[in-house]
Every structure is written in structure tokens, then in C-alpha cells.
Amino acid sequence: MDEGQQRTAEILKKIRTLEIKTKGLVQTAFAGDYHSVFKGRGMNFSDVREYQPGDEIRSIDWNVTARFGTAFVKQFTEERELTVMLIVDVSASGNFGSTTQSKRELAAEVACLLAFSAIRNNDKVGLLLFTDQIELFIPPKKGRSHTLRLIREILFFEPQGRGTEPALALDYLNKIVTRRAVVFFISDFQTPDFSQALAVSGRRHDFVAIQIHDEREKVLPNVGIITLEDAETGEQIEINTAERTTRARFSQEAEQQEAELSRTLRKNNIDRIALRTGEEYLPALRAFFKQRERRLAIR
């Protein structure tokens with residue numbers, strides 16, 4: 001087997017393994033959570049019936065009313081089919097991971113779980129990969145083969161860019177997806193300000209931010225002098241982690257970035273799910289869906 005065939009075999013094996021794992025989660029612990037908390041895109045006209053006291057005047061079908069000489073109202077059914085958009089940050093910072101799992105690997109697995117949840121519920125699912133440019137857009141469609149293609153791209157796509165420009169991805173989403181969709185935006189959110197584009201997307205779509213982070217991005221271990229490199233810019237700095245003030249300053253800056261992201265999301269009424277490499281992600285996802293379900297029941 002030559003190198004190309006071997007790589008193809010490895011890709012197919014990894015996709016199959018991930019499909020089996022995520023499909024099992026979808027069919028057992030995750031079943032029902034996903035679709036119960038997202039409403040359809042709108043209402044479909046189904047039929048007309050005679051007007052009854054208490055009916056909305058706005059629902060009167062004037063054409064039918066004129067034809068039969070008595071008032072008729074339109075009846076609608078909720079459109080349950082969803083359009084799901086997975087927007088995944090594939091910038092260079094995603095390659096970091098202090099455990100056996102990188103941020104990008106975790107993002108890919110979560111995206112795959114959501115993709116299989118969508119296909120199980122007969123929804124359309126699309127994909128947008130971005131760095132500091134739009135790397136790939138696959139329009140929403142149904143079907144297993146389509147979903148497997150998305151997963152292949154999520155796992156193995158090799159981006160051209162290294163930086164992160166979420167505003168660019170959101171502007172593209174707002175132009176290309178004109179009807180309301182469920183948007184899962186998966187990123188480590190180590191990004192420039194994107195609040196303006198987020199405000200537009202948050203109004204147009206049912207928007208959920210999934211933050212992927214690694215513990216070592218918030219807490220430095222005491223291991224002496226180390227060199228840190230920004231994966232996206234290549235900039236390097238040398239720091240002494242043995243100094244308590246250095247470790248404290250590092251954690252403080254990480255907390256400030258976290259607080260700013262929280263403010264931005266809260267201001268735009270965006271839900272967030274925080275996931276960490278090396279940890280089970282299903283409990284956090286299920287907790288989010290249960291919390292959202294309770295919140296919808298109260299309204």
C-alpha cells in the first residue's frame with residue numbers, strides 16, 4: 001500500500017470510529033435533547049376553516065372569504081425541519097493541546113456529534129470553516145453521505161490561513177444563509193473584537209457559542225523558564241514560570257479575556273457552552289440543553 005492509499009485508509013478509519021462513537025451518543029444519552037430546544041424556522045400554511053369568535057382578524061383569508069361569502073381563516077403548522085450551520089474555527093491556535101487531545105480535535109468531535117444529531121432529526125446541516133479568511137463553505141443539505149463529507153472536512157481540512165477573524169465568518173454567514181438557522185459557532189475565541197457582526201447574527205439566527213479551551217491557557221505550571229509561541233503570529237516570548245507574579249499575571253489576563261467574551265455574549269443574548277480538552281464534553285452539552293429546555297418552558 002503506497003503512502004496515499006495508507007492516508008486514505010487512516011482517514012476512513014478515523015471517520016468510521018468517530019461515526020460509531022457519536023452515533024451511539026446521539027441514539028442514547030443525547031437523544032431528544034437536541035431537537036426539543038430548537039424551534040422550526042417558521043409556520044407553514046396548511047388549510048383554511050370558518051372564522052370563529054376570538055380568531056385573529058389578521059388570519060382571515062380574504063380571497064376565500066370573498067369566494068364563499070363567509071369569513072375563513074388560515075391555519076398554519078409549525079415547520080419542524082431545521083437548518084443547522086456548523087461554523088468551526090480552524091486557525092492555528094486550535095492545534096494546541098496540553099493533554100492527548102488538541103482543541104481542534106475536540107471541536108471536530110463536538111461538530112460531528114451535532115452533525116449526526118441533525119441528520120437523525122432529518123434536518124439540513126451545512127459547514128463553514130474559517131481562519132483569517134473563509135476557508136470552506138458547504139451549503140446545508142440532508143443525508144448520510146453529505147454528513148460524512150462534512151466530518152471529513154472538519155477532521156482533515158488543511159487551512160491556508162493561521163489567524164482568526166470571526167467577524168469575517170459571521171458577515172459571510174449573514175450574506176449566504178438568508179433564512180433563520182440554528183448556528184453552532186465553535187472556537188477558542190482567542191480573537192479580535194467581533195461584537196458588531198455577532199449582534200447581527202444573534203438577531204437573525206438561533207445562535208450558540210461553543211468555546212473550546214485548554215487548562216494551560218489559563219493556568220501556568222511552575223516549570224521554570226519556558227518559551228511561549230503565538231501559534232497564529234509566530235511571535236515568541238520567554239518567561240520564568242517559577243515567579244509567582246508571572247503566573248498570577250498570566251491567569252489574570254486570561255480571566256480578563258474570559259470576562260470580556262462573557263460580556264459580549266451576554267449583551268447579545270447568546271448562549272455559551274464551555275468545553276475543555278481532555279474532559280468529557282457530553283455532560284456539558286446535556287446540561288446546556290436541559291437548562292435551555294427549562295428556560296423555554298417558563299416563557
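Quick notes on this one:
- Positions within the range 242-276 being in contact with a His (Cβ under 8 Å, 6 or more places away or on another chain) and among the charged types (D, E, K, R), in sequence order: 276
- Count - residues of the range 157-170 that are open to solvent by less than 50 Å² (accessible area, probe 1.4 Å) and more than 18 Å from the chain's Cα centre (by Cα): 3
- Inspection of the range 171-188 identifies at least one residue that is open to solvent by 10 Å² or more (accessible area, probe 1.4 Å) and within 26 Å of residue 15 (Cα to Cα).
- The set of residues in the range 189-212 that are crowded, with 19+ Cβ neighbours inside 10 Å and within 11 Å of residue 173 (Cα to Cα) comprises 197, 198, 201, 205.
- Residue count for the range 235-257, restricted to those that are closer than 18 Å to residue 93 by Cα, without any contact (Cβ under 8 Å) to a residue 24 or more places away in the chain and surrounded by 10 or more Cβ atoms within 10 Å (Cβ to Cβ): 1
- Hits in the range 102-118 (condition: within 21 Å of residue 142 (Cα to Cα) and either surrounded by 22 or more Cβ atoms within 10 Å (Cβ to Cβ) or touching a strand residue (DSSP E or B) at 6+ places or on another chain (Cβ under 6 Å) (or both)): 108, 110, 111, 112, 114, 115, 116, 117, 118
Conditions (1) in a helix (DSSP H, G or I); (2) in contact with a helix residue (DSSP H, G or I) (Cβ under 9 Å, 6 or more places away or on another chain), marked per residue:
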position	(1), (2)
248	yes, no
254	yes, yes
261	yes, no
265	yes, yes
273	no, yes
287	yes, no
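- Close Cβ contacts (under 7 Å, 6 or more residues apart or on different chains) running from residues in the range 130-156 that are under 11 Å from residue 115 (Cβ atoms) and open to solvent by less than 50 Å² (accessible area, probe 1.4 Å) to residues that are in a helix (DSSP H, G or I) and of a type in the set (Phe, Trp, Tyr) comprise 147/116.
- Qualifying strands (runs of 3 or more DSSP E) (wholly inside the range 1-101; at least 3 residues being surrounded by fewer than 15 Cβ atoms within 10 Å (Cβ to Cβ) and either at pLDDT below 75 or of a type in the set (D, E, K, R) (or both)): 42-50, 72-79
- When 189, 116, 185 are checked against the criterion of being under 14 Å from the mean Cα position of the chain (by Cα), under 18 Å from residue 288 (Cβ atoms) and at pLDDT below 85, 116 stands alone in meeting it.
The values are calculated or read from the model by the stated rules, or taken from the named source; none is laboratory data. Everything numeric here is computed off the predicted structure, so don't read it as measured data. All Cβ positions, glycine included, derive from the backbone under ideal geometry; neighbour counts span all protein chains shown. To get the accessible areas, we keep the full protein, side chains included, count just its heavy atoms, and leave off ligands, DNA and RNA. Shrake-Rupley method; radii C 1.70, N 1.55, O 1.52, S 1.80 Å.
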